[in-house]
Amino acid sequence: MSRLAVFIATFGYTGYCPIAPGTAGSAAALLLFALVRWTGSPLVEGGAIVVVALVGTWSASIAERHFHATDPGQIVIDEVLGMLMTLAFMPLTWGGVVAGFFVFRALDIVKPFPANAAERLPGGLGVMADDAMSGVYGNILMRALLWLLPAWM
């Protein structure tokens, strides 16, 4: 089970990228987003977010023990969740998706309150919670950008 958990937590070993693994994980998440969006189903989109949150929390808890560290850089399933949440349920062009990528990365780095407090939760919950909160903020910001700059998004 440990191998499966590490595979999931690193999003198919994307987290082993030697430079900016969080950014690599966020970029890889765009492939999952494209697949989910291709279905055209909001139910699938919402379901994917729930599944990534639950499976990510489980796998991140095990991966932390595997790596002997709290929220190690190799765990990027949290970035996948944050990206899916940032882009969720909006009619975005690929330009909007790219904008969402940069919005989420900025929020994930800055970690505005309460995202910074959420990362102190124990185990996989703390790994996932700060990026989930950044994803919520990202979604709100993307909706504002979509309203302000509809032709660009």
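Quick look at the values:
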| quantity | calculated |
| --- | --- |
| Segment 64-70 - phi-based ³J(HN,Hα) in whole Hz, Karplus 6.51/-1.76/1.60, Gly and Pro as x | 4, 5, 4, 8, 6, 8, 8 |
| Folded to 0 to 90 degrees: helix 77-87 orientation relative to the chain principal axis, Cα | 10 |
| Shape box of segment 33-87 [Cα atoms, principal axes, largest first, Å] | 40, 16, 14 |
| For the chain, with +1 on Lys and Arg beta carbons and -1 on Asp and Glu, the positive-most of 102, 77, 4 along the dipole | 102 |
| The chain: angle of helix 123-148 to the longest principal axis, Cα-based, in degrees nearest 10 | 10 |
| Solution diffusion estimate, µm²/s, Stokes-Einstein, the chain, Kirkwood Rh from C-alpha pairs, 37 °C, viscosity 0.692 mPa s | 216 |
| Angle between the chain longest axis and helix 21-38 axis [Cα atoms, degrees, rounded to 10] | 50 |
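Since every read-out is calculated from the coordinates, none of them should be taken as a lab result. Because the structure is a prediction, the values reported are computed rather than measured. All Cβ positions, even for glycine, are placed from backbone atoms using ideal geometry, and neighbour counts span all protein chains on display.
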